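Student: Below you will find the structure I want to go over with you.
Nothing in this text is a laboratory measurement; each read-out follows from the coordinates by a stated rule. Not measured: the values here are computed from a predicted model. Here the Cβ is made from the backbone with ideal geometry for all residues, glycine too, and neighbour counts use every protein chain on show.
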Amino acid sequence: MKSALEGELVRLRAREAEDEPFAHRWANDAEVIRWLGARYPAARALSAERIRDAAPRRELCVFSIDDIATQHTIGWLGLHGEAVEHRSASLGIALGEKAYWNGGYGTDAMRGACRFGFAMMNLNRILDVYPENEGAIRCYEKAGFVLEARMRDGMFKHGSYHDLIQMSLLTGELK
Amino acid sequence: MDSPFEGRLVRLRAREPEDEPLLFQWFNDHEVTQHLTIRYPLSHAQEKEFIEGSSRMGYNNPSFGVETIAESRLIGGVGFEQVSPENRSAILGIAIGDKTFWNGGYGTDTMRTLCRFGFEMMNLHRIELEVYAENERAVHVYKKVGFHLEGTRRQACFKFGRYQDVHVMGLLEGELRWD
């Protein structure tokens, strides 16, 4: 049986100390963090702390994303903030290697995390909240996510307010 | 100039240690908590801790007791959480714990008074709240005050043996309505 973490293009695995240099570079790449929550520059100590605290577990289940073809590490994603009684968790993803953008790698990684969340963590609902951008909405819709709410002016970044989009996926909806 | 803490029926004030018995009573009352996120019984120690924590008011912790202007009687609590200075946004939470003051306009007045405080005294741009989709009475009040229904989180909350949908509602600067 294939692991839930093994996709068509990417494989998810625990983050290791060796990932720190990439993670640190991505965390300070303006294009990568453009639509993420990150706002202030990330110090090396912060990146190191994030990696140290990265053992996948129920409360904070973060993975590195490896390209199966080249074995390159291209980003990270995770399920976090689980509300145990609600069996609901948030998904966060950052594809740090820009050469891999728009190639289906993000969607494949996301599907892997959702398979793992439903099959191994017994989640009922997986959600993400992010500032509106066409690429992300399409990517989530491809995986089966449904747009549920538009929080008007929910985020201020890059000199203006942006709507926040909330999308979610329930058990059985993964495409 | 009118006090920023006073609406037409209620006044917002800091919480005090002597509020504890009422809070304990309200937040262990099923009729009150069924519409809130509270799910486990609350101890006196937890209520005391909550009051101590919320007695130091400030931008990051605007948490008020609600009392009637007429009798200075404590009837509930209201406040903001997750106040974000960069986004100028906050999440609103409210509970009118004294059931004899339900359906008298006290909740509506509390909402308006806190939102006005958020916009005029804290310089917020956006106030957000979540409410169980089936709590139609509350949704009606929030709409009356000017909140927009921005979406519905499917099966977002499990309580009383089933999943419930949760509405997300938002109010921006300039949208607060008093009539």
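Student: For the pairs A:LYS157/B:LYS144; B:LYS99/B:LYS159; B:LYS48/B:LYS159; A:LYS157/B:LYS159; A:LYS142/B:LYS144; B:LYS99/B:LYS143, note any where the Cα-Cα span goes beyond 28 Å.
Tutor: A:LYS157/B:LYS144; A:LYS157/B:LYS159; A:LYS142/B:LYS144
Student: Sum up the charges of everything whose Cβ sits under 12 Å from the Cβ of A:TYR105, counting Lys and Arg as +1 and Asp and Glu as -1, but leave A:TYR105 out. Walk me through the numbers before you get to the answer.
Tutor: Numbers: positive: A:ARG11, A:LYS98, A:ARG111; negative: A:GLU8, A:ASP66, A:ASP67, A:GLU97, A:ASP108.
That works out to -2.
Student: Also: Can you give the translational diffusion coefficient of the protein assembly as shown in µm²/s, computed by Stokes-Einstein from the Kirkwood radius over Cα pairs at 10 °C and 1.306 mPa s? Don't skip to the answer; put the middle values down first.
Tutor: Details: Rh = 22.2 Å.
Diffusion coefficient, whole number: 71 µm²/s.
Student: Farthest toward the dipole's positive end in segment B:22-179, which of B:ASN28, B:ALA95, B:GLN164, given Cβ charges of +1 (Lys, Arg) and -1 (Asp, Glu) about the Cα centre?
Tutor: Result: B:GLN164.
Student: Packing-wise, with mean Cβ within 10 Å as the measure, how do B:39-51, B:58-70 rank, highest first? Walk me through the numbers on the way to the answer.
Tutor: Working: B:39-51: 13.2, B:58-70: 17.2.
Listed from highest to lowest mean packing, they are B:58-70, B:39-51.
Student: Would you work out if segment A:29-103 is rounded, prolate or oblate? Take a ≥ b ≥ c from the square roots of the eigenvalues of the alpha-carbon gyration tensor; rounded if a/c is under 1.5, else prolate when a/b is larger than b/c, oblate otherwise.
Tutor: Details: a/c = 1.60, a/b = 1.32, b/c = 1.21.
Prolate, since a/c reaches 1.5 and a/b exceeds b/c.
Student: When only DSSP loop residues count, what GluC sites (Glu not before Pro) in segment A:51-86 have their Cβ near at most 14 other Cβ atoms within 10 Å?
Tutor: Numbers: sites: A:GLU59, A:GLU82, A:GLU85; in loops: A:GLU59, A:GLU85.
Taking segment A:51-86 and a limit of 14 other Cβ atoms within 10 Å, the loop GluC sites (Glu not before Pro) found are A:GLU59, A:GLU85.
Student: Of A:LEU36, A:GLY159, A:ALA113, which is farthest towards the positive pole of chain A's charge dipole, taken about the Cα centre with +1 and -1 on the beta-carbons of Lys, Arg and Asp, Glu respectively?
Tutor: My answer, from the dipole projection, is A:ALA113.
Student: Same structure again: Which loop trypsin sites (Lys or Arg not before Pro) in segment B:121-177, with loop taken from DSSP, have no more than 12 other Cβ atoms within 10 angstrom of their Cβ? Intermediate results must be reported in sequence, preceding the final value.
Tutor: Values: sites: B:ARG126, B:ARG137, B:LYS143, B:LYS144, B:ARG153, B:ARG154, B:LYS159, B:ARG162, B:ARG177; in loops: B:ARG177.
Hits after loop and neighbour filter: B:ARG177.
Student: By its C-alpha gyration tensor, with a ≥ b ≥ c as the square roots of the eigenvalues, how is segment B:5-44 shaped: rounded for a/c under 1.5, else prolate for a/b larger than b/c, else oblate? Before the final figure, lay out the partial values.
Tutor: Details: a/c = 2.94, a/b = 1.55, b/c = 1.89.
It comes out oblate by the Cα gyration axes.
Student: Would you mind checking which residues have amide H under 5 Å from B:VAL168's amide H? H placed 1.01 Å from N; only 5 or more apart, or other chain.
Tutor: Placed amide hydrogens put B:GLU150, B:GLY151, B:THR152, B:ARG153 under 5 Å from B:VAL168.
Student: Take every residue in peptide A:142-154, count the Cβ atoms of other chains within 10 Å of its Cβ, and give the average of those counts.
Tutor: 5
Student: Average the reciprocal distances over every distinct pair of alpha-carbons in chain A, invert the result, and give the Kirkwood radius in Å.
Tutor: On the way: mean 1/r = 0.0606 Å⁻¹.
Hydrodynamic radius (Kirkwood, Cα only) of chain A equals 16.5 Å.
Student: As an exercise, find the ratio Rg/Rh for segment B:120-179 from alpha-carbon atoms, using the Kirkwood inverse-distance average for Rh.
Tutor: Values: Rg = 13.1 Å, Rh = 12.4 Å.
Ratio of gyration radius to Kirkwood radius: 1.05.
Student: Further, regarding this structure: Please compute, for the alpha-carbon atoms of segment B:59-109, the extent along each of the three principal axes and give them in descending order in Å.
Tutor: 39, 19, 14
Student: Mind grabbing the base-10 log of I(q)/I(0) for segment A:1-73 at q = 0.21, 0.23 Å⁻¹? Debye formula, identical points on the C-alpha positions, no solvent, two decimal places.
Tutor: -1.04, -1.16
Student: Which of A:LEU95, A:LEU147, A:LEU79 moves the most in a Gaussian network model of chain A with Cα springs under 10 Å?
Tutor: A:LEU147
Student: Net charge near A:HIS72: determine it from the other residues with C-beta under 12 Å of the C-beta of A:HIS72, scoring Lys and Arg +1 and Asp and Glu -1. Walk me through the numbers on the way to the answer.
Tutor: On the way: positive: A:ARG11; negative: A:ASP19, A:ASP66, A:ASP67, A:GLU97.
Result for the neighbourhood of A:HIS72: -3.
Student: Can you work out the FRET efficiency for the pair A:LYS98 and A:LYS2, with r the C-beta to C-beta distance and R0 = 30 Å, to the nearest 0.05?
Tutor: Values: r = 29 Å, r/R0 = 0.96.
With R0 = 30 Å, the Cβ-Cβ based efficiency is 0.55.
Student: A further question follows. Cα gyration tensor of segment B:1-86, axes a ≥ b ≥ c as square roots of the eigenvalues: rounded (a/c below 1.5), prolate (a/b > b/c) or oblate? Please report the intermediate quantities before stating the final value.
Tutor: Numbers: a/c = 1.69, a/b = 1.25, b/c = 1.34.
Cα axes put segment B:1-86 in the oblate bin.
Student: Give me the inter-chain shielding for B:154-165: mean count of other chain Cβ atoms within 10 Å, whole number please.
Tutor: Numbers: counts 8, 8, 9, 5, 8, 2, 0, 0, 0, 6, 1, 1.
If you average over the peptide's residues, the count of other-chain Cβ atoms is 4.
Student: Per-residue Cβ counts within 10 Å, from other chains only, averaged over A:160-170: what number is that?
Tutor: Details: counts 0, 6, 1, 2, 7, 1, 6, 1, 4, 1, 3.
Neighbouring Cβ atoms belonging to other protein chains average 3 per residue here.
Student: Moving on to the next point. At a 10 Å Cβ-Cβ cut-off, how would you order A:MET110, B:MET57, fewest neighbours first?
Tutor: Listed from fewest to most nearby Cβ atoms, that is B:MET57, A:MET110.
Student: I'd like the Karplus ³J(HN,Hα) series for segment A:106-111: coefficients 6.51, -1.76, 1.60, θ = phi - 60°, whole numbers in Hz, and an x wherever there's a Gly or Pro.
Tutor: Using θ = phi - 60°, the values come out as x, 4, 5, 5, 4, 4 Hz.
Student: Summarise the long-distance tail of P(r) for segment B:30-179 by giving the % of C-alpha pairs beyond 21 Å. Let's see the in-between values first.
Tutor: Numbers: 5278 of 11175 pairs.
Tail of P(r) above 21 Å: 47 percent of Cα pairs.
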